[in-house]
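Every number in this text was worked out from the coordinates using simple rules, so none of it is lab data. Just so it is clear, the structure is predicted and the values come from calculations on it, not from any experiment. For neighbour counting, all protein chains shown are included, and Cβ atoms are generated from backbone atoms with ideal geometry for every residue, glycine included.
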Amino acid sequence: MNAWDALVEGRLGSGFKAFWELCREACRAEAGRFAPAIAASLALGLLAVLPPILIAQLIDRAEAGAGTMGLLALGVLAAFAALALLDAGLTWLRHRFTIAAQVRLRARIAPKLLVTGLRLPLRQLQDNSRATMMRSFDDLDETLGFIAGTMPEFITGAILATSYAVLLLVVNPLLAVMSLGATGLAFVTAVVLARRSRTAFATWILDRDRAFTVIVEAFASLLTIKSMNAHRAVADRFADKLEAENTSLAAMRQRTADAEAMGRGWLTFAPGIVVVVGVWMVSRGELSTGELVLFLTVSASLSGPVGNMCSHWEAAQRTMAAITRISELRAAELEDLDADTGRDWRLGAGLSLAGVGHRYAADAAPVLRAVDLALDSGSHIAVTGRSGDGKTTLAHIIARFMQPSEGAVLAGAADAATGIGLTPYRRRVLMLPHETEIFSASIADNVTLWDGSFALPEIMEALRIAGLGEVVDGLPRRHDTLLSADGEPLSAGQRQRLGIARALIRRPDVLILDEATSSLDPQTETEVIANIRAVMQGRTLIVITHREELAARFGRRLVVKGGGAAYLPGLEPG
């Protein structure tokens, strides 16, 4: 596993070591682009020393009265024009390669980050806000932007600074030691203060997430806010979160300002030392005027790349903080959706629960206690019980959205958790939740979820069984009608029926409906359930419901109560 894969799976760790591993892996993977970029940076560093040398030569020759000033000036101008063109070309080339490297890395890694996010356990996804999950992609962009873009800039600055430092030492070692000493103090100060600012930056990001979460939730729940006339209360809640964010933002910006102020102070002080000592040396004949101008020009130029390196190091601290956040967010044990264990498995002998118990925290009261339950193949079961008694938890365990704290789910006599991979299991055991999530896509894509193996006749048949056939046929674009993320133009009941079509087209061996028809009127619900039972004939159907009239239509009824589950005799449908 390379460093980038380890990052998106939360296995890389944090700090400078993780940062260095990512840099090294990026350079290895994109060597064909980073190498020319670094070569261009090296050439730029060598070119940087030529302009001040030309200026010094022009001044000394003019002072000595050597040659014609007009010709000398024209020669220097021509040299400067050539250097300018070469510098611009190399800079353009360096950016061209680094941009290409960043785009290629992003195209390769961002999809893996999404896939890894989808492999997080359901509990982990529920514990993290949407804003936190979305921010991980911002963190990835921050990391990629530095490694593929800013890191070559940092290297360029280091090469330029080294070139200038060598030239200063050649011109006059004494002045060079004084100038470079002050410049070095500026960089060291920036590095030390930048490390202190990393914690402040991490704190600000968390506070920003909390404030942004309020925004996301507000617009996702706009109908509720309007109907409850809660806009002022929500705005006040946002103001509280924003105040906390502003406090941490100010602290983070102040740390950054401290680093910049100290660095600029040293960089401003350095030329003063050079000027005083340099003029004294010129007066003693130990330094020519041209050499002093050369030294002042180079030392002034040196402050540019050193200042940029200080800023880049500050960015490196933010990048290390981003790497830490990605690692911490995805440090949970990921679901293994790639294992093909039991790839061709089909439910034959049915499912059963052996001593299943579950609690959501070690110190929390158990939701389920020692449940022993047989789900015979082909049986149709209604599940009832009061809210909070564990019906949905039981369904999540059967669907393997979570591992029970105690006991096991058995497929026949085998433990499903060890004998059957999650992907083949979930193909055969499918749960439809109470709320149907709608994607901003066509009706057909919402049914297939972009699985190209389903043909249009299968899509229309699934919609018909779910009671949406006439509805879809009445739309101008039929199955190609685009839906919003809120499901418009479908009603709440129609959205639930679309979810049923989504489940039925996959032909599971076990289908669990968790209040999946609660938005339908009684007549429509009766018709849809009858269609589902006909399609699921010979396969297992589990319907969780609060409606007594619906439960009464099933030959078997499972009552979940007080952490236990037991069958009661039901009524066969008439």
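Give the Debye-formula value of log10 I(q)/I(0) at each listed q (0.14, 0.16, 0.21 Å⁻¹), with one equal scatterer per alpha carbon of region 173-286, two decimals each.
Result of the Debye calculation: -0.72, -0.81, -1.02.
In degrees, nearest 10, range 0 to 90: what is the angle between the Cα axis of helix 69-118 and the longest Cα principal axis of the chain?
20 degrees
Using only Cα atoms, find the angle between the long axis of helix 31-48 and the longest principal axis of the chain, and express it within 0 to 90 degrees, rounded to the nearest 10.
20 degrees
Using 0.36 nm per residue, how much length does the chain from Val170 to Ile99 gain when fully extended, once their Cα-Cα distance is taken away?
Working: separation 71, 0.36 × 71 = 25.56 nm, distance 3.61 nm.
My answer for the length gained is 21.9 nm.
Quickly estimate the mean residue ellipticity at 222 nm for the chain, helices only: each DSSP H run with n ≥ 4 gives -39500 (n - 2.57), and the total goes over all residues, rounded to 500.
Taking each H run of at least 4 residues, the total per residue is -21500 deg cm²/dmol.
For a footprinting-style exposure proxy, rank Ser14, Ser299 by other Cβ within 10 Å, fewest first.
Ser14, Ser299
Mind checking the angle between helix 130-144 and the chain's longest principal axis? C-alpha axes, 0 to 90 degrees, to the nearest 10.
Roughly 30 degrees between the two axes.
Evaluate E = 1/(1 + (r/R0)^6) for Thr423 and Arg464, where r is the Cβ-Cβ distance and R0 equals 22 Å; express this FRET efficiency to the nearest 0.05.
Calculated transfer efficiency: 0.20.
Relative contact order for the chain: what is it in percent, counting Cα pairs under 8 Å that are at least 6 residues apart?
RCO, the chain: 16 percent.
Can you return the lysines within cross-link range of Lys112? Criterion is Cα-Cα under 26 Å, with same-chain partners fewer than 8 residues away left out.
Lys17
Please report Thr256, Thr481, Thr384 as a ranked list, fewest other C-beta atoms within 10 angstrom at the top and most at the bottom.
Numbers: Thr256 19, Thr481 16, Thr384 23.
By the 10 Å Cβ count, ascending, the order reads Thr481, Thr256, Thr384.
Positive end of the dipole of the chain, charges at C-beta (+1 Lys, Arg; -1 Asp, Glu), about the Cα centre: which of Val356, Ser197, Leu296 has its Cα farthest in that direction?
Result: Val356.
Give, in nm to one decimal, the length gained when the segment between Ala261 and Ser453 is fully stretched (0.36 nm per residue of separation minus the Cα-Cα distance).
This chain segment gains 63.0 nm when fully extended.
Label-point separation (nm) for Ile273 and Lys17, each offset 7 Å from Cα along Cα-to-Cβ?
3.7 nm
Once the Cβ-Cβ distance between Glu488 and Met134 is put in as r, and R0 is 22 Å, what FRET efficiency do you end up with, to the nearest 0.05?
0.45
Per 0.36 nm of contour for each residue apart, how much would the distance between Thr481 and His546 grow if the chain were fully extended, relative to their Cα-Cα spacing?
20.1 nm
For region 350-567, what class follows from the C-alpha gyration tensor (a ≥ b ≥ c being the square roots of its eigenvalues): rounded when a/c is under 1.5, otherwise prolate if a/b is larger than b/c, else oblate?
Since a/c reaches 1.5 and a/b is larger than b/c, the shape of region 350-567 is classed as prolate.
Where does each of Val191, Val447 land when they are ranked from fewest to most other beta-carbon atoms within 10 angstrom?
By the 10 Å Cβ count, ascending, the order reads Val191, Val447.
Taking all pairs of distinct Cα atoms, average 1/r, flip it, and tell me the Kirkwood hydrodynamic radius of the chain in Å to one decimal place.
Every distinct Cα pair counted, the radius reaches 29.4 Å.
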